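First the structure, in the form of C-alpha cells, and then the observations on it.
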Amino acid sequence: MIRRTRKMNNKDEKVVNFINADFQGLHVNTIGDGEAIVFLHGGPGSEQRFFLPHVLPLSHNFRLIFYDQRGSGKSEPSKDNQYSMKDEVNTLELLRKEFKLEKINLFGESWGSMLALLYATTYPERVNKILLTAAIGVTAEGFKTFGEELEKRLSEKDKTKLSKLEEGVKRGESSNEEILSILDKYYVYSEESLKRKAKTSIDQTVNDAIGNDILEHYDLTDKLDTIKNIPILIAQGSHDILTPKLISQLLLEHIPHAKLIEVENCGHWTVVEKPNEMNKIANDFFNINLLRQWTC
C-alpha cells in the first residue's frame, strides 16, 4: 500500500521522488528510477535510516529500495514475536516479489552483509550482484570475532560503564541508547563523522533472537558453490573492527572470486564516514555497462 509521496533535496543534488509504502507490515521506502538496489541494514534490529541521506546520490542512476526488517524500525513485529535468519530471507523474497523484480542487486551492511549472502545462497537465481560493506564473514566465526575485536578496543573505563548499563537494561533502569552512545565511537575512524549519523535504534528482541540464531546456525560453507557466478564486491574500512586482513580470512578465502576494496581512514560505518567513496564504488559496481569488465 502506497502511503505518501514527497520530495527530497540533498543540498545541491537534484530533487528525486521519495515513495513511502507498507507491504504486509514492512516499512519500505523507494527513491529514484532505474535498475533496483535493495539495501539491507545492520543490527540485527537496526533500521533503514542508517543509509540516508548518505547514499541518496545513487538515486540519480538507480532505484533505491530501503526497508526496515521485520520487528525493526517502523516495520511491524512478527505475529509470535519470534525472529530468525530464515524469516529474514523469506521477508526479502517477499519484497522482491512485491516489486516484481526478476533479479535483485543487494547492498548489505554489517549484519545486512550476512543477510545478503544468506539470501543469495537460498535464491541464487534471483541475485544479480552483491555489494558488501562492514562485512562479517560466511560463518558464525566472523560474528564471534567481531565481538572479540570490539572488546579489545574498549577502554577500561568504557568496559566498566557498559557492564553497569547492561545490568541496568536487565532491570529496566537503563536503555540500549545509553549503551550505543558509548559504543558508537568504536565503530568509526573519526568521531567527527558521528555528527552525520542518523539516530537509529536497535530492537533488543530482534537483536537477541537473530544474534543467537547466528551463533548457533550461521554457516554457509557448504552452499557457497551456488553463488560462484554472482559478482561480489566487498568494501571494508581500513580500520573496521574486522580489518581487511581479517575479512580476507573470514570471507575471501571462502569466496575467492569476490573482490575486496579497502576504504582508507575508515571504520565499520563506511557509508557514514566515506559516503562519496562508497557511492562511487556502488555506482561503478552496479552500473550495467561495467558487467563485461567485471566478468572478464
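Checking each residue of the stretch 71-79 against the condition of being in contact with a strand residue (DSSP E or B) (Cβ under 7 Å, 6 or more places away or on another chain), at pLDDT 95 or above, among the polar types (S, T, N, Q) and buried (at least 20 other Cβ atoms within 10 Å of the Cβ) gives no match. In the condition set (1) of a type in the set (Ser, Thr, Tyr); (2) modelled with pLDDT of 95 or more; (3) open to solvent by 10 Å² or more (accessible area, probe 1.4 Å), Thr200 is compliant with all but (2). For the stretch 224-243, enumerate the residues that are more than 23 Å from Pro124 (Cα to Cα) and open to solvent by 10 Å² or more (accessible area, probe 1.4 Å). Within the stretch 224-243, Ser238, His239, Thr243 qualify. Remark: pairs (first residue in the stretch 55-76, of a type in the set (Asp, Glu); second residue crowded, with 23+ Cβ neighbours inside 10 Å; Cβ separation under 6 Å; 6+ apart in sequence or on different chains) = Asp68/Glu47; Asp68/Gln48; Asp68/Ser75.
Would you mind stating whether Lys280 is without any contact (Cβ under 8 Å) to a residue 60 or more places away in the chain and either among the β-branched types (Val, Ile, Thr) or under 23 Å from Ile104 (Cβ atoms) (or both)? When the stated conditions are applied, Lys280 passes them. Across the stretch 84-109, the number of residues qualifying as within 16 Å of Asn212 (Cα to Cα), open to solvent by 20 Å² or more (accessible area, probe 1.4 Å) and not acidic (Asp, Glu) comes to 2.
Looking only at residues in the stretch 146-166 that are under 24 Å from the mean Cα position of the chain (by Cα) and assigned to a helix (DSSP H, G or I), which one is surrounded by the most Cβ atoms within 10 Å (Cβ to Cβ)?
Taking the stretch 146-166 first, the residues under 24 Å from the mean Cα position of the chain (by Cα) are 146-154.
If we keep only those that are assigned to a helix (DSSP H, G or I) too, we end up with 146-153.
Details: Phe146: 21, Gly147: 12, Glu148: 9, Glu149: 15, Leu150: 15, Glu151: 12, Lys152: 8, Arg153: 13.
Top of the filtered list is Phe146.
For first residues located in the stretch 195-211 and in contact (Cβ under 8 Å) with a residue 60 or more places away in the chain, partners that are open to solvent by 70 Å² or more (accessible area, probe 1.4 Å) and lie 6+ apart or on another chain with Cβ distances below 6 Å form the pairs Ala198/Arg49; Thr200/Arg49. In the stretch 47-60, the residue that is modelled with the highest pLDDT out of those that are open to solvent by 10 Å² or more (accessible area, probe 1.4 Å) and out of contact with any Asp or Glu (no Cβ under 8 Å at 6 or more places or on another chain) is His54.
Can you confirm whether the stretch 237-248 contains a residue that is touching a helix residue (DSSP H, G or I) at 6+ places or on another chain (Cβ under 6 Å) and either more than 18 Å from Thr139 (Cβ to Cβ) or of a type in the set (S, T, N, Q) (or both)? Can you show your working first?
Taking the stretch 237-248 and keeping what is touching a helix residue (DSSP H, G or I) at 6+ places or on another chain (Cβ under 6 Å), we get 237, 241-242.
Those left that are additionally either more than 18 Å from Thr139 (Cβ to Cβ) or of a type in the set (S, T, N, Q) (or both): 237.
There is at least one residue in the stretch 237-248 that is touching a helix residue (DSSP H, G or I) at 6+ places or on another chain (Cβ under 6 Å) and either more than 18 Å from Thr139 (Cβ to Cβ) or of a type in the set (S, T, N, Q) (or both).
Quick check on the stretch 211-220. Is at least one of its residues at pLDDT 95 or above and open to solvent by 90 Å² or more (accessible area, probe 1.4 Å)?
First pass over the stretch 211-220, keeping only residues at pLDDT 95 or above: 211-220.
Checking which are open to solvent by 90 Å² or more (accessible area, probe 1.4 Å) leaves us with 216-217.
Yes, the conditions are met somewhere in the stretch 211-220.
Would you confirm whether or not the stretch 36-46 contains a residue that is in contact (Cβ under 8 Å) with a residue 60 or more places away in the chain, in a helix (DSSP H, G or I), over 24 Å from Thr226 (Cβ atoms) and open to solvent by 10 Å² or more (accessible area, probe 1.4 Å)? Outline the logic, then answer.
Applying the first criterion (in contact (Cβ under 8 Å) with a residue 60 or more places away in the chain) to the stretch 36-46 yields 36-46.
Still in the list and also in a helix (DSSP H, G or I): none.
Looking for residues that are in contact (Cβ under 8 Å) with a residue 60 or more places away in the chain, in a helix (DSSP H, G or I), over 24 Å from Thr226 (Cβ atoms) and open to solvent by 10 Å² or more (accessible area, probe 1.4 Å), one finds none in the stretch 36-46, hence no.
Which of the following residues is of a type in the set (Val, Ile, Thr), under 23 Å from Asp225 (Cα atoms) and touching a residue at least 12 places away in the same chain (Cβ under 8 Å): Thr91, Thr133? Before the answer, list the steps.
Values: Thr91 fails: under 23 Å from Asp225 (Cα atoms).
Sole residue among the options that is of a type in the set (Val, Ile, Thr), under 23 Å from Asp225 (Cα atoms) and touching a residue at least 12 places away in the same chain (Cβ under 8 Å): Thr133.
Anything in the stretch 110-139 that is farther than 19 Å from Phe51 by Cβ and open to solvent by less than 10 Å² (accessible area, probe 1.4 Å)? List them, or say none. Correct list: Ala120, Val127, Gly137, Val138.
Based on what the data block shows, is Ser190 surrounded by fewer than 16 Cβ atoms within 10 Å (Cβ to Cβ), over 20 Å from Phe143 (Cβ atoms) and in contact (Cβ under 8 Å) with a residue 60 or more places away in the chain? Spelling it out, Ser190 is indeed surrounded by fewer than 16 Cβ atoms within 10 Å (Cβ to Cβ), over 20 Å from Phe143 (Cβ atoms) and in contact (Cβ under 8 Å) with a residue 60 or more places away in the chain.
The values are calculated or read from the model by the stated rules, or taken from the named source; none is laboratory data. This is a predicted model, so every value here is computed, not measured. Because the Cβ atoms are built from the backbone with ideal geometry, glycine has one as well, and the counts that use them run over all protein chains shown. Accessible surface is based on the protein model in full, side chains and every heavy atom, while ligands, DNA and RNA are left aside. Shrake-Rupley method; radii C 1.70, N 1.55, O 1.52, S 1.80 Å.
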